[in-house]
Each structure stands twice: as C-alpha cells, then as structure tokens.
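What follows is a set of notes on a single structure, which appears directly below.
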Amino acid sequence: MGWSGGGVLRDREAVLYLSGVIVSGFGTSALWLASGIWVKSLTGSDSLAALTVFAMWAPTVAGPLLGTVADRVRRRPLLIGCALAMAVLLTSLLAVDSADRVWILFGVLFVYGVSGVVQDAAETAVVAAVVDRRLLGDFNGLRTAANEGMKLVAPLAGAGLYARFGGGPVALLDAATFVLAAGCFALMRVREEKPVPEPSGARWSGLTEGARRLWDTEAVRPLVLAASVTMLLAGLSGAAGFAVVDRGLGHAPGYLGLLYAVQGAGSVLTGLLAGPLLRRLPERVFAAAGIALFALSAGLRALPYDAVVLAASLGIGAGLPCVLIAALTAVQRDIPDTALGRTAATAGTLIFAPNAVALALGAGLIAFVDLTVLLPVAGVTGLLTALVLAATARLRTWPATAGQDGPAGPAGPAGPAGSAGSAGSAET
C-alpha cells in the first residue's frame, strides 16, 4: 500500500494551507499548556487552571451560529482577518502579571475559541474548493498527522518557554504564528464568488440549516453520529487517564505524558495512511475499523500491565482519528458550498461537545466506579457502535451532475480514482 500524500504536496494551494495550519497549530498547542501553568502560578488554583481549557472549548457549543459567518462572506479574507485579529489580541496578554489580571487571559482564550470555530468552518470550505476531491482523504489525513505532530512537541516548547521567560513570550510566539499563517492564506489562489445575501426572513432559519443538512445527507449522517458516540467514549477513557496510571500501573502522574506521546504517535501514523486506506475500503468500514480498534484498546487499559497499556495507547491514537477524518471529508464532499461553513461547524459541535461532557462526567464516575468496569463498558459500547456503522456501509454512486448533491470541487463530478463509485472513496 503506497502513500499518496505526495499528490497533495504537489498542489501549491494545499501546501500553503497545510503550512498555515502547521504554523498556527504550533502556537496554539504551545499556548494551550502554558495558559494553565500561567494561571496556576498566578492564582495557585487548580480549578482556575483547568478552566483555561474550558474557555477555549466553550465556543464550540455555538458552532451552528458561528459557522454561518463562513457562509456569508468570502472565506479566504475571513481566514486572514481572523488570524491577524488574533495576533493583535494576543499582545494584550503582556499585561497579565498578577492574579487580578487573570481575567484578561480568560477573555482572550474565549475569543480564541470563537475565532477557532469560525476559522475551522471557513477552512473546511476552502479546502473543499482548492483540493482535488480525489485527494481529500490524503489531505485530511496529512492535516491530522500535522496537528498531532504539533501536539507532541509544541506543549513542551510552550512550557519550557514559560518556565524560562514567563507567559508574555509564549503569547508573542503564538501571535507570530498567526501572522505567518495569515501570510500563507494570503498567498493562496482561491476562486470565490461573493456570497448571495440571505433574505432577512431566512437568516434565523439558516442557523439550523447545518443540522438539517447533516440529518438529510445519508452519506454524512451515520459518520457524524458514530463520531459523536466515539468522542463521548473517548472522553470517558480520557478522564480515567490518571486512574490508569495511579491505580492500575502504580506510577507517578507524570507517566501519563508518556502514554499521551505514544497515543499521538499512533494518530500521526493513521494520518499518513488514511488516504491510501480509504481508497481500498468503504469509508464506513474504515471508520468502523478505527472505532473498533479504539474501543478494544480503551477496554484493555483496565489491565494492570505496562506493555498492554502502552500498546492500548498506541491503538487509541491510531483508531480514534479514523471516524473523525471520514466524517470531515464526507461533509466536505457531500454538502453544497453555500451551506458548508455552518454544516461543518454544526458537525464539530455534535462531534466534540460530547467529549467535553464525558470528560466532566468521567471525572465523577471514576471516583466510585472501578476501572475494570468503566473501561470495558466503554469498550463494548464502542464495539457496538462500530458494528452498527459497518452494517450501514453500502455501495453508492456519485451524482451524475456536479453540484446536485455536493460541491463539484476541482475533480469535477467523477468519483475518486480507484473507487469505482463505491462508498470506499477518499473521505478523509
């Protein structure tokens, strides 16, 4: 099985976009960890430190609303504007030097989250417009690999920079990465028609259009629902991380860092192989196989053996991205361009909000539910989800005319190369 990411890397616009994602992702990951350390060092509060992550994630709940922005303006200028605005806003963090100014950090993080939802929606639409649809699977896999790779190195870099120089330089580093990302987006050549203004009476109904599109699009709905359930289970598994290390393995909490690193390596591997795999498997089979691998691995974490838990971490990292990549590409391929921003943002809310809920729920459950019960139950539930998704896999054909059921994209109306019109197209 050959790796065909080279096809993506020969596309100028795809390379520019990936460069922007990698650069800004490094800054985001660095600030993510440093923010918690920053708040902890100024206030001494573990609870306030934990809320830094919540502040960045909270706007995800408003995805259906925020995503409409990406459908009502040109996307490339929106990406550039958001990146430059965040670069300016981040400089305000230089004023955070005492506990009574921590509110500035929380405010910036919340706006950071809002901007992130809008940018993700716009980016999803831009990718669908500039990347050959036959390469969407490879592209989204590469994006996953790049993001996960940044998560392996950037948080450590951010923590080290904070320890040496404080929070201000970390904020400036992130601001600089936004400027560089804006430059990458500015160099992209994207054909965009000016969006047609929606009638005033249709604007409120437009807020729910993303949900309607997801539900009515048969090729997308099962993948988004399966991803939502999987991320719920991932939240429960993630909440048990410290208990696995402490109660199960008898190690210090720092051992969890090793498990996360192994998990990240698994995600990078899947990102690199996703495109070729999706050309050989129906997308729902690919996603179901990933869910099954994740579920089996999550259940195995209950066993008190280092080798098993390390292998399980690799399996979780390799399995979890499969359904996420498949769902994202299905949205890009099958949702019309005029509604793609809000639909992508709605999908993000449906997929990732359960993860946040499960993290909080799991933190409570782990106090009185034994690991040997919680993790196997999560694993069995994941396996059932995989079976149901695989059972829905079937052959389907592409629309005869571009634009009927989804965006035509640079590849035109024909299906991905080698798919023979099957559901095993490059969906990630």
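Placing a label point 7 Å from the Cα of PHE54 along the Cα-to-Cβ direction, the residues of region 326-354 whose backbone N falls under 17 Å of that point are 353-354. Once the Kirkwood radius over Cα pairs is known for region 1-190, the Stokes-Einstein relation at 10 °C and 1.306 mPa s delivers a diffusion coefficient of 92 µm²/s.
Placing a pseudo-label 7 Å from each Cα along the Cα-to-Cβ vector at PHE242 and VAL380 gives an inter-label distance of 2.8 nm. Using R0 = 51 Å, the C-beta based FRET efficiency linking ALA186 and ARG164 works out to 0.95. For the chain, a crude dipole built from +1 on the beta carbon of Lys and Arg and -1 on the beta carbon of Asp and Glu, taken about the Cα centre, is about 580 debye to the nearest 20.
In this simple spin-label approximation, ALA391 and ALA62 carry label points 7 Å from Cα along the Cα→Cβ vector, and these lie 4.0 nm apart. The helix-only estimate of mean residue ellipticity at 222 nm for the chain, built from DSSP H runs of length n ≥ 4 each weighted as -39500 (n - 2.57), is -24000 deg cm²/dmol after division by the residue total. What's the extension gain from VAL357 to ALA95 if we count 0.36 nm per residue and subtract their Cα-Cα distance? Stretched out fully, the VAL357 to ALA95 stretch lengthens by 91.1 nm. Semi-axis lengths, largest first, of the ellipsoid equivalent to region 18-129 are 28, 14, 12 Å, with √(5λ) applied to each eigenvalue of the Cα gyration tensor. Shown for the chain are the DSSP H helices of 24 Å or more along their axis, judged by Cα atoms, with a mean Kyte-Doolittle hydropathy of at least 1.0: 102-130, 167-187, 221-239, 255-278, 283-300, 306-334, 340-365, 371-391. The gain in end-to-end length when the LYS194 to SER47 segment is fully stretched comes to 48.4 nm, 0.36 nm per residue minus the alpha carbon separation. Comparing Cα centroids, region 234-298 and region 126-199 end up 23 angstrom apart.
Taking the average, over residues, of other Cβ atoms within 10 Å as the packing measure, peptides 337-348, 125-136 rank 337-348, 125-136 from highest down.
Counting only Cα atoms, the size of region 151-191 along its three principal axes is 44, 22, 8 Å, in decreasing order.
The mean sequence distance of close C-alpha pairs (under 8 Å, at least 6 residues apart), as a share of the length of region 6-100, puts its relative contact order at 21 percent. This model, with +1 at the C-beta of Lys and Arg and -1 at the C-beta of Asp and Glu, gives region 1-190 a dipole about its Cα centre of some 400 debye.
Here, each number is a calculation from the coordinates, and none is a lab measurement. Keep in mind that what you see is a predicted model, and the values were worked out from it rather than measured. Using ideal geometry, Cβ is built from the backbone for each residue, glycine included, and neighbour counts are taken over all protein chains shown.
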